[in-house]
Amino acid sequence: MTVVNAAIKITPALVAEHGLKPDEYQRLLALIGREPTLTELGIFSAMWNEHCSYKSSKVHLRGLPTKGPHVIQGPGENAGVIDIGDGLACVFKMESHNHPSYIEPYQGAATGVGGILRDVFTMGARPIACLNALSFGAPEHAKTRHLVSGVVAGIGGYGNSFGVPTVGGSVRFHSRYDGNILVNAMAVGLAKKDKIFYAAASGVGMPIVYLGSKTGRDGIHGASMASAEFDDDSAEKRPTVQVGDPFSEKLLLEACLEIMEKGCVIAIQDMGAAGLTSSATEMGAKGDLGVTLDLDKVPCREEGMTAYEMMLSESQERMLMVLKPDKEKEAEAIFRKWGLDFAIVGETTPTKRFIVRHKGEVMADLPIKELGDSAPEYKRAFVTAEKLPVIDAGAVEARGSIADALERMIATPDLCSKRWVWEQYDHIIGGNTVQRPGGDAAVVRVEDGPKALAMCTDVTPRYCEASPFEGGKQAVAECWRNLTAVGATPLAITDNLNFGNPERPEIMGQFVGCVRGISEACKALDFPVVSGNVSLYNETNGKAILPTPSIGGIGLIENFAKSATLAFKRDGDAILVVGETTGWLGQSIYLREICAREEGAPPPVDLIEERENGDFVRGLILDGTASAVHDLSDGGLLVALAEMAMASGIGATLEAPPDDIPAHAYWFGEDQARYIVTVPAGKADAVLARARDASVLASRIGTTGGGALKLAGERPLSVANLNERSEAWLPAYMAGEA
């Protein structure tokens, strides 16, 4: 078969523009035995870039635990799948849309949401919730306010219009994200356990069908752009950002679920990164089959599109499907009913070749499995970060009073209320949201109940930079704690590993350390990784982001009526702290915001203690003993108590810290594996005895009541005033007043 070589000459400069290094191009030549066409070069560029091939990361990702008693499908498909009982499965995944969101924040964030929703419903699941993890630059940076506004509007605009509740997430600010924000989107869906759909094609001569919206020129080279560093000309990359249409995606969802229910589908793949190229090659390769495409039959919305453009377009709201031949007419009728394009654009073959035809000519003829399997795999050099010194709490001089410090801290960008963000999201559509944003984890009812799923996203990037291994452990442990704090049994995670340039040994060292920490925590907590995404080259002009391995967790609650919240419930309850408090100030918010010191080793994570303390707290929730629960993380004990008070309007009287811990370290230290639990006063002694029997450290530190937080030796802190301070900063900032 003769392949048409386009008039464009393949030069070293053109190869470099496609993100392929000279040795990678030589690998390509050896694989196909000739010079590629421009279309073939584009196909290899898409399939061998970092975003699609994981060439710098997969050697380390293999060490993650991916199996468990609840796991139906681990990494390697569009999304992970876990068994939640009663014949149902939870399908979920998290992915990044970082570079597009910096270039064009509204569409970048919107299409990030659209892409992750497709990953979920491609598996046969109806989406029931979205979450996100957002990292922005310093508030004073010239672009930050614009980026926050655009990203939040994009997430809300797509999710609200599509009709799925956005129920949780996280927002942080740091100067290291000034030139490269992070937008990590997570979607969760429900499916019947025996009706999960996969990407592997089967059968020879099966029709390959294009479904959804028409193909345009938006998003061309989107995957390649996501695998490159930024420079000062990042705005020139705007054409690589896709444009989303949530209303079309809603139609696509309903049409896909309907033809799945009718038994029409053999295999299905979302056209995400690298569009038609990745979806077609992955379906064929996974099924050990070849694929032939006829691009003349691809529905296009722009005139004169070339084979190169069609193969690399990342236009949104599109699917590729292998259909049962006898179901073609039925499937087409369903898609036409929903007003969507339906076109047979190819077929499966026994050749294991990927053949692309356009205008009667063969534009690409490539070995299909090698497109993915023969992508370069690097064991990049890495260096392990030096251990930072442990900060002696006694050597950290307190700056002002405890009361003043708390008032300042809860009004800082990282700790202030994010209500301004989540009130722009519809978090109750569907009627199953039991716990809304603002708590430890969202809780969404499974169908009519009584089961519910708990879900959250977590990571502490400053810990990950100070000690990648401990930071990776902590990200998983905090996710596990947040699910536990609402009464859920943690089942599995998805991850989104955001790092800088892996070709720099110190950055690769951060990645390796974090992955090893994540792996150790997941194994110790029986919390396997079932899906995820790696986003590298997150840096601008050589300045990398903080290492940010976002963790998205799912937990199961057998009866949502027994889930716990963090709000104090009434006056007179005993306040207990579960877990050991040493006053760890290294890398704490107190040290950074009050003492202007961002230094020291982060708190160590004892995974045995995490598990024992979490299981104990969950037991208190499930038997109805605990009236309120909150995990301790950023800001430490007093910030958590303030959050519980602000959520309820109820204050507390608190006992003096122990003599062997400085007061500021006791109240603001960030020791791990800790929870605040309130119980009826008459049950406090019994709970403490129960903790001793379980070898769990617990102590009583106060009593709820009144309208203020009262600390020994400090002025009372009005809960109303604290709430006003917490709520004020973000709206004022976005209005240009802060």
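The values are calculated or read from the model by the stated rules, or taken from the named source; none is laboratory data. Computed from a predicted structure; not experimentally measured. Reconstructed Cβ throughout: ideal geometry from the backbone, glycine too, with neighbour counts over all protein chains shown. Protein only, heavy atoms only, side chains kept; ligands, DNA and RNA dropped before computing areas. Shrake-Rupley method; radii C 1.70, N 1.55, O 1.52, S 1.80 Å.
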Karplus ³J(HN,Hα) for the range 249-257 (6.51 cos²θ - 1.76 cosθ + 1.60, θ = phi - 60°; Hz, whole; x = Gly/Pro) runs 5, 4, 5, 4, 4, 5, 5, 5, 5
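For the chain, what is the mean residue ellipticity at 222 nm derived from helices alone (per DSSP H run of n ≥ 4: -39500 (n - 2.57); sum divided by total residues; nearest 500 deg cm²/dmol)?
Details: 25 runs with 254 residues, N = 738.
It comes out at -10000 deg cm²/dmol, rounded to the nearest 500.
Can you give the extra length, in nm with one decimal, that the chain gains between Asp571 and Lys337 once fully stretched, where that is 0.36 nm per residue apart less the Cα-Cα distance?
Numbers: separation 234, 0.36 × 234 = 84.24 nm, distance 5.83 nm.
Contour length minus Cα-Cα distance gives 78.4 nm.
Using only alpha carbon pairs under 8 Å that are at least six residues apart, calculate the relative contact order of the range 326-384 and give it in whole percent. Mind showing how you got there, number by number?
Numbers: 27 pairs, mean separation 10.3, N = 59.
Once divided by the residue count of the range 326-384, the mean separation gives 18 percent.
Using a probe of 1.4 angstrom, how much of the accessible area of the range 634-695 is carbon and sulfur, in percent? Walk me through the intermediate numbers first.
Details: 1050 of 2170 Å².
Carbon with sulfur: 48 percent of the solvent-accessible area.
Students sometimes get this wrong: rank Asp458, Asp373, Asp634 by accessible area, probe 1.4 Å, all chains present, largest first.
On the way: Asp458 20, Asp373 110, Asp634 50 Å².
Most to least solvent-accessible, the answer reads Asp373, Asp634, Asp458.
FRET efficiency for Glu724 and Asp194, Cβ-Cβ distance as r, R0 = 51 Å, nearest 0.05? If you can, show how the numbers build up before the last one.
Values: r = 53 Å, r/R0 = 1.03.
Efficiency computed from Cβ-Cβ geometry: 0.45.
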Neighbours of Glu423 by Cβ distance under 14 Å: Lys/Arg at +1, Asp/Glu at -1, summed charge +1
Which is farthest toward the positive dipole end of the chain among Asn538, Pro127, Ile493, measuring Cα position about the Cα centre, with Cβ charges +1 (Lys, Arg) and -1 (Asp, Glu)? Pro127
Work through the residues other than His630 whose Cβ is under 11 Å from its Cβ and net out their charges, Lys, Arg +1 and Asp, Glu -1. -1
Which angle from 0 to 90°, rounded to the nearest 10, does the C-alpha axis of helix 719-734 make with the longest principal axis of the chain? 30
Could you check how many percent of all C-alpha pairs in the range 516-649 are farther apart than 21 Å? 59
Shape verdict for the range 1-136, please, from the Cα gyration tensor: rounded (a/c under 1.5), prolate (a/b greater than b/c) or oblate. prolate
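Quick one: accessible area per residue over the chain, 1.4 Å probe, rounded to a whole number of Å²?
Numbers: 25270 Å² over 738 residues.
Accessible area per residue, the chain: 34 Å².
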Based on the Cβ-Cβ distance of Ile8 and Ala30, what FRET efficiency does E = 1/(1 + (r/R0)^6) give at R0 = 25 Å, to the nearest 0.05? 0.70
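How would you classify the range 322-428 from its alpha-carbon gyration tensor, with a ≥ b ≥ c the square roots of the eigenvalues: rounded for a/c under 1.5, else prolate if a/b is greater than b/c, otherwise oblate? Intermediate results must be reported in sequence, preceding the final value.
Working: a/c = 5.18, a/b = 1.92, b/c = 2.69.
Oblate, because a/c is 1.5 or more while a/b does not exceed b/c.
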Placing unit charges on C-beta atoms (Lys and Arg positive, Asp and Glu negative, everything else neutral), compute the dipole magnitude of the chain about its Cα centre in debye, rounded to 20. 1060
FRET E, pair Arg419, Glu140, Förster distance 22 Å, beta-carbon r, rounded to 0.05: 0.50
Share of the range 344-429's accessible area from carbon and sulfur, percent, 1.4 Å? 51
Counting only protein heavy atoms, what percent of the accessible surface of the range 75-217 is carbon or sulfur at a 1.4 Å probe? 51
Environment charge of Ala285, counting only residues whose C-beta is closer than 10 Å and scoring Lys/Arg +1, Asp/Glu -1: -1
At Asp615 and Lys562, where each label point lies 7 Å from the Cα along Cα→Cβ, what is the point-to-point distance in nanometres? 1.7
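Over all pairs of distinct alpha carbons, what does the Kirkwood formula give as the hydrodynamic radius of the chain, in Å?
Numbers: mean 1/r = 0.0379 Å⁻¹.
Across the chain, the inverse of the average 1/r is 26.4 Å.
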Approximate spin-label separation Lys58-Thr582, in nm, with each point projected 7 Å along Cα-to-Cβ: 4.1
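In percent, what relative contact order does the range 523-675 have, based on Cα pairs under 8 Å that are 6 or more apart in sequence?
Details: 179 pairs, mean separation 53.8, N = 153.
Relative CO of the range 523-675 lands at 35 percent.
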On C-alpha positions alone, give me the angle between the axis of helix 607-622 and the longest principal axis of the chain, in degrees, nearest 10. 80
Rounded to 10°, Cα long-axis angle of helix 275-286 versus longest principal axis of the chain: 90
At Thr625 and Glu261, where each label point lies 7 Å from the Cα along Cα→Cβ, what is the point-to-point distance in nanometres? 4.6
Just to verify a number: what accessible area does Arg353 come out at with the full protein assembly present, 1.4 Å probe, Å² rounded to tens? 80
Given a cut-off of under 8 Å on Cα pairs at least six residues apart, what relative contact order in percent is computed for the range 1-154? 14
